[in-house]
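Everything on this sheet refers to the single structure shown next.
The values are calculated or read from the model by the stated rules, or taken from the named source; none is laboratory data. Treat the numbers as computed from the prediction; the structure is a model and nothing was measured. Cβ coordinates were reconstructed from backbone atoms using ideal geometry, including for glycine residues, and neighbour counts include every protein chain displayed.
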Amino acid sequence: MDLILVRLLFVALLAGVCYFLHPFGIRAGWLGALAGAAAAAAVIVFELRVRALSLRRLIGAVFGSVLGIFGAALFCMVLRTAPLASSTSAVLQIFVLSFMTYVGLVVGANKGDLLNPAVLGALFASDRPARRSAKVLDTSVIIDGRIADIAEAGFIDGMMVVPEFVLRELQVVADSTDGSKRQRGRRGLDMLQRMQSNSNLQVQIVADDFPSIREVDLKLLELAKKWEAKVVTNDFNLNKVAHLHHVEVLNINDLANALKPVVLPGERMTVLVLKEGKEYNQGVGYLDDGTMVVVDHARRLIGKSVDIAVTSVLQTASGKMIFGKLDENGKGGEAA
């Protein structure tokens, strides 16, 4: 709205100037005002077209027009020394200047996409490349804490961005009256402090906010779009919503599942049966990495370590599940 008002003021100003100053010998004030308004409208149309150009095309257009003007100046130097009438020479000079500038502008804009930003380092030396390699951290992944170990191991590059609204959410959790929530919130703040104290990691707190959006997850996605960054999370629902918004996601749980050892049907392993399963006569245990192991006919062996043979492996959205049966030599089991 403000931009529209500025444009209207520009049109009115130029029309008023032409009304009172009578440019090009125009004596009729209304005709001069009309010419001024038309010139202002042409400038606004040009401005709208320029705004639609990409940065590469705009730089190409500028370079092309500058080269065109430089070439026209050389031609005009020759025309001034030619044995031509002054009026003819002036018309030719204006034509050459307009033609060369126009051609340079059009060709430069069309070929602008071929420019290599690496060559134009000074012009493209903004925070955009850093932003594109940035990782926006959500509340769940900060509280989880594994992001600190992954970053310190060098598997996360670029800047790690923590928005102020995520910090506020962490503080609310840390100040909760619920003891479990309070512990989780303080753990998240400790993890942030740990990463900030590591000189090899880039952690930046940003004040970018989106007041019109209430949900923190949607704010994260908007920030990731603005920065052209990736969201780091272990929230299953945020992962799905981010894909719908075409925002790249790094899911810590996906990484953890990818790093788990591959288990094939028929392999033998020893597992401690901790509780009964959902189905009849099943026992449930866990590997060191937290993978659930469901053992048939092992309900009676709760509290014992048993040898099992893997029958199948199920990969779910929440992780991997291994199904097995008692090995022939492990039916009796051993005391844990």
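Within region 139-161, the set of residues being surrounded by 14 or more Cβ atoms within 10 Å (Cβ to Cβ), small (G, A, S) and more than 20 Å from the chain's Cα centre (by Cα) comprises G145, A148. For region 313-323, a residue qualifies if it is surrounded by fewer than 16 Cβ atoms within 10 Å (Cβ to Cβ) and either of a type in the set (V, I, T) or at pLDDT 90 or above (or both), and exactly one does: T316.
The criterion of at least 3 residues that are over 14 Å from the mean Cα position of the chain (by Cα) and either free of Cβ contacts under 8 Å to residues at least 24 places away in the same chain or closer than 15 Å to T139 by Cβ (or both) is met by the following helices (runs of 4 or more DSSP H) wholly inside region 162-253: 164-174, 179-196, 236-244. Considering only residues of region 234-269 that are of a type in the set (D, E) and at pLDDT 85 or above, which is surrounded by the fewest Cβ atoms within 10 Å (Cβ to Cβ)? Of everything passing the filter in region 234-269, E248 is surrounded by the fewest Cβ atoms within 10 Å (Cβ to Cβ).
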